[in-house]
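The values are calculated or read from the model by the stated rules, or taken from the named source; none is laboratory data. On a predicted model such as this, the values are computed, not experimentally measured, just so you know. Heads up, the Cβs are rebuilt from the backbone with ideal geometry, glycines too, and the neighbour counts pull from every protein chain shown. Keep in mind that these areas ignore ligands, DNA and RNA; they rest on the heavy atoms of the full protein, side chains included. Shrake-Rupley method; radii C 1.70, N 1.55, O 1.52, S 1.80 Å.
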Amino acid sequence: MLREAKRLSPTETGFLVNDLVVEHFPGVVDLGFTAEMEEDFDQIAAGKEGWQKVIGDFYAEFGPQVKKAQAEMPVTKSEPEKIGRECPKCGHDLVIRWGRFGKFISCSNFPTCRFTEAILEKIGVVCPKDGGDLVMRKTRKGRIFYGCANYPECDFTNWKRPVAVPCPSCGGLLVLSNKKEVQCTNCSESFLIEQVGVTVQE
Ligand SMILES: [Zn+2]
Ligand SMILES: [Zn+2]
Ligand SMILES: [Zn+2]
């Protein structure tokens, strides 16, 4: 029993490997190598491939970078970043981890506690339904959409990015329809971005 408890679960191993790669091989991560690695992490998580083999392949390919990283790697593995809130399920610290579609919030007590939460990125626009903060979210497939921070109580969603300026005609919520225009979600009227005075930062 004790020996079993000390062993990392495959999913946890996947997290640790992913954390290390992201932390020490930013170049690799940016080079589009991640998609392939993530597939490997999934294989590890699914218990289909030993992490030693995946890391072995990785080392073989990135030997020089690995040497450099080993020199720079902290003696003790750095803890995942705490977000300053407690897990609502078990009271342990919540931390930031890296998953398939980027960062997400997870319990530091993982894998005992499986609590996870999306990182809500506020876009500075108020929800037209209930006045909550609109936030950027991602679907399971990684597609960006906009929703209300009060979800699931509030079901507002839009694929297009809402802007902070109200519709000049009806006061409704405007969303970006393309790089030049915004459209009202209430009266469907379109306006040029300059016309309504919106500044767009991607
Ligand atoms: Zn927890
Ligand atoms: Zn709302
Ligand atoms: Zn309107």
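Phi-derived couplings, Karplus 6.51 cos²θ - 1.76 cosθ + 1.60 at θ = phi - 60°, listed residue by residue for the stretch 135-146: 10, 7, 10, 10, 6, 4, 8, x, 7, 6, 9, 10 Hz, with x used for Gly and Pro.
Give me the extension gain from residue 149 to residue 165: residue separation times 0.36 nm, minus the current Cα-Cα distance, reported in nm with one decimal.
The residue 149-residue 165 span can extend by a further 3.9 nm.
Once Rg and the Kirkwood radius are both taken over the C-alpha atoms of the stretch 122-196, their ratio Rg/Rh works out to 0.97. Once the Cα-Cα distance is subtracted from the 0.36 nm per residue extended length, the residue 133 to residue 92 segment shows a gain of 12.1 nm. Heavy-atom accessible area with a 1.4 Å probe sorts 114, 140, 161, 97, largest first, into 140, 114, 161, 97. Of the chymotrypsin sites (Phe, Trp or Tyr not before Pro) found in the stretch 106-192, those that fall in a DSSP loop while having at most 12 other beta-carbon atoms within 10 Å are 159. Its Cα centre serving as origin, the stretch 96-197 has a Cβ charge dipole (Lys and Arg +1, Asp and Glu -1) of approximately 720 debye.
Report relative contact order for the stretch 122-196 in percent, whole number only (criteria: Cα-Cα under 8 Å, sequence separation at least 6).
Here the relative contact order equals 18 percent.
Tell me, what % of the accessible area of the stretch 122-196 is carbon and sulfur with a 1.4 angstrom probe?
Summing carbon and sulfur atoms, their accessible area is 48 percent of the total for the stretch 122-196.
Each Lys and Arg adds +1 at its Cβ and each Asp and Glu adds -1 at its Cβ; summed about the Cα centre, the stretch 108-156 shows a dipole of about 360 debye.
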